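Asks: Let me give you the structure first, and then I'll get to my questions.
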Amino acid sequence: MIDDILSLVEQHEEWRVKQCLNLIPSENVMSSAVLQLLSSDLGHRYTARNHFYMGTSFIDEIECYGEEVAKEVFGAETADLRPLSGHVADLVYLASFAKPEDVLMCVSPEDGGYPGMWKNGLAGLFDLKTSPFPFSKHNMNIEIEQAKEIIRSIKPRLVVFGASLITFPHPIKELVGVANEYGAHIGYDGSHVMGLIAGNQFQHPLREGAHTMFGSTHKTLFGPQGGIILADKEHGEIMKEKIYPTLVDNAHWNRIAALTLALAETRNFGGAYAKQVISNSKTLAEALYDYGFPVVCQHLGFTESHQVILDYGGFEQGRVIAERLQSVNIIVDCGVRIGTCEVTRRGMKDEEMLKIAEMVKRTIRDEEQPEKIKKDVARLCADFRKVEYCFDD
Ligand SMILES: Cc1ncc(COP(=O)(O)O)c(C=O)c1O
């Protein structure tokens, strides 16, 4: 029994770490120092707001220290590292500001919005009415003038920018004035682009007028899997009140210590990392486009984020492509979204993106024998085992 689980994990690591090009935009890798904190004694411990548990003096300090680092990295008035995931951070936002029958405006899942926010997800749980942003798939962005009109007519209580499919900054500055006229709460789900925001290479939602920003800590941000909330003082304090005891009790302090160190890495190295992520995406997108792949938004330079989107017209056809790539150990989702965050963290640059594009072409277009491509994939991975943009050295 013990051998079974150890062996499964070992096999997984042998495959995904040593043999695979990991190009899922929701994933990243932690430095070994961050990983070490994740397996520290903190993972055994409890604290409670009312100090029910003794033995927490260092943990209490860790919580304050983590929040300070997060506030500094994101230029926020308040920070909270307790949400256990991006989804829970979204939940905290809605629980703090939404009432049944309120209108939530956000990007619909059909246009790449996060399904967890929509009718079958949290919006349904809170009995909210959902209203999709008018969206141009051609430009992969919200239609500003139409959105203004809709906001004026339906007066949404909550306006949430950000999405799961996100290649360009969303027009917060352009829409915040009209949304504020009707007293909307303006949020930004930064799950995907949190690391690019922290590195100052994407939009800065809080400076552009969002009251709160929330989401995952492990996509472009390279922390452990978890959630984070950044906000102005007024909205941040409301959300803090909501978290405990309703939505998070034990906040997993090993994760919070690990996240704090990842945020410190971001403070030092996040700018260079985020710049390289975006450069890598652009290079990969262009090379794939030149090979004839259906990369979206050529007219806009393809992407300004960690995502390169191939439009195969739906998940079914996307799955065919993703499975063929998996057969040579190139791992993407059925979107088909290709993410450059993890390979960038491993030190790959534009030159390697050209190699990746060529391997994708050999797999999908040339239909070359998988075994040969697999070997080339493993050879490329072998040169990039380290984790960069961290204090490990
Ligand atoms: C935009 C967005 N928000 C929230 C989430 C949920 O994040 P988590 O997986 O950390 O719960 C996702 C997940 O991919 C996402 O894409």
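The values are calculated or read from the model by the stated rules, or taken from the named source; none is laboratory data. Computed from a predicted model, the values in this text were never measured in an experiment. When we count neighbours, we look across all protein chains shown, and the Cβ atoms used for this are built from the backbone with ideal geometry, even at glycine.
Asks: Does segment 244-254 contain any residue that is surrounded by 24 or more Cβ atoms within 10 Å (Cβ to Cβ) and either within 16 Å of the ligand (Cβ to nearest atom) or not polar (S, T, N, Q) (or both)? Step through it out loud before you land on a result.
Replies: Restricting attention to segment 244-254, the residues satisfying the condition of being surrounded by 24 or more Cβ atoms within 10 Å (Cβ to Cβ) are 253.
Now drop any that are not either within 16 Å of the ligand (Cβ to nearest atom) or not polar (S, T, N, Q) (or both), which leaves 253.
So far as segment 244-254 goes, yes, one or more of its residues are surrounded by 24 or more Cβ atoms within 10 Å (Cβ to Cβ) and either within 16 Å of the ligand (Cβ to nearest atom) or not polar (S, T, N, Q) (or both).
Asks: Kindly provide the set of residues from segment 369-390 that are assigned to a helix (DSSP H, G or I) and either surrounded by 14 or more Cβ atoms within 10 Å (Cβ to Cβ) or among the aliphatic types (A, V, I, L, M) (or both), ordered by number.
Replies: Across segment 369-390, the qualifying residues are 370, 373, 374, 376, 377, 378, 380, 381, 382.
Asks: A follow-up question, please. Give all pairs with beta carbons closer than 9 Å in which a residue from segment 149-168 that is on the phi > 0 side of the Ramachandran plot meets a residue that is away from the ligand (no atom under 15 Å from the Cβ) and assigned to a loop (DSSP other than H, G, I, E, B); count only pairs at least 6 apart in sequence or on separate chains.
Replies: As it stands, the answer is 155/182; 155/183; 155/184, since those pairs meet every condition given.
Asks: Name the one entry in 119, 129, 148, 99 that is basic (Lys, Arg) and crowded, with 16+ Cβ neighbours inside 10 Å. Step through it out loud before you land on a result.
Replies: Working: 119 fails: crowded, with 16+ Cβ neighbours inside 10 Å; 129 fails: crowded, with 16+ Cβ neighbours inside 10 Å; 99 fails: crowded, with 16+ Cβ neighbours inside 10 Å.
One residue alone meets the criteria, 148.
Asks: Of 243, 228, 238, which residue is touching a residue at least 12 places away in the same chain (Cβ under 8 Å) and either assigned to a strand (DSSP E or B) or not aliphatic (A, V, I, L, M) (or both)?
Replies: Being touching a residue at least 12 places away in the same chain (Cβ under 8 Å) and either assigned to a strand (DSSP E or B) or not aliphatic (A, V, I, L, M) (or both) holds for just one of 243, 228, 238, which is 228.
Asks: Can you tell me which of 350, 366, 393, 290 is outside the structural domain of residue 17 (by TED's automatic domain parsing) and either under 23 Å from the mean Cα position of the chain (by Cα) or surrounded by fewer than 17 Cβ atoms within 10 Å (Cβ to Cβ) (or both)? Walk me through how you get there before you give the answer.
Replies: Working: 350 fails: outside the structural domain of residue 17 (by TED's automatic domain parsing); 366 fails: outside the structural domain of residue 17 (by TED's automatic domain parsing); 290 fails: outside the structural domain of residue 17 (by TED's automatic domain parsing).
Step by step, each of 350, 366, 393, 290 is checked, and only 393 is outside the structural domain of residue 17 (by TED's automatic domain parsing) and either under 23 Å from the mean Cα position of the chain (by Cα) or surrounded by fewer than 17 Cβ atoms within 10 Å (Cβ to Cβ) (or both).
Asks: Let me ask something else. Among the numbered criteria (1) in a helix (DSSP H, G or I); (2) farther than 25 Å from residue 368 by Cα; (3) touching a strand residue (DSSP E or B) at 6+ places or on another chain (Cβ under 7 Å), which one does residue 285 miss?
Replies: (2)
Asks: Find the residue count for segment 5-50, including only residues that are part of a loop (DSSP other than H, G, I, E, B) and within 24 Å of residue 328 (Cα to Cα).
Replies: Residues of segment 5-50 part of a loop (DSSP other than H, G, I, E, B): 20, 23-31, 39-40, 45-50.
When the remaining residues are screened for being within 24 Å of residue 328 (Cα to Cα), the result is 20, 23-29.
So the answer is 8.
Asks: Return only the number of the condition from (1) under 23 Å from residue 304 (Cα atoms); (2) without any contact (Cβ under 8 Å) to a residue 60 or more places away in the chain; (3) small (Gly, Ala, Ser) that residue 215 does not satisfy.
Replies: Only one criterion in (1) under 23 Å from residue 304 (Cα atoms); (2) without any contact (Cβ under 8 Å) to a residue 60 or more places away in the chain; (3) small (Gly, Ala, Ser) is unmet by residue 215, namely (2).
Asks: Turning to a different aspect of this structure: Residue check, residue 211 against (1) over 26 Å from residue 176 (Cα atoms); (2) not assigned by TED's automatic domain parsing to the domain that holds residue 350, all met but one. Which one?
Replies: All conditions are met except number (1).
Asks: If you don't mind, there's one more thing I want to ask. When you look at residue 337, is it at negative phi and crowded, with 23+ Cβ neighbours inside 10 Å, yes or no? Show your work before the answer.
Replies: Numbers: at negative phi: yes; crowded, with 23+ Cβ neighbours inside 10 Å: yes.
Yes.
Asks: Taking segment 222-242 as the search range and keeping residues that are in contact with a helix residue (DSSP H, G or I) (Cβ under 7 Å, 6 or more places away or on another chain) and within 15 Å of the ligand (Cβ to nearest atom), which one is nearest to residue 274 (Cα to Cα)?
Replies: 222
Asks: Also: Within segment 286-306, can one find any residue that is in contact with a Gly (Cβ under 8 Å, 6 or more places away or on another chain) and touching a residue at least 60 places away in the same chain (Cβ under 8 Å)?
Replies: Scanning segment 286-306, I find at least one residue that is in contact with a Gly (Cβ under 8 Å, 6 or more places away or on another chain) and touching a residue at least 60 places away in the same chain (Cβ under 8 Å), so the answer is yes.
Asks: Failed condition for residue 274, given (1) of a type in the set (A, V, I, L, M, F, W, C); (2) farther than 30 Å from residue 390 by Cα; (3) in contact (Cβ under 8 Å) with a residue 60 or more places away in the chain, with all others met?
Replies: Failing condition for residue 274: (2).
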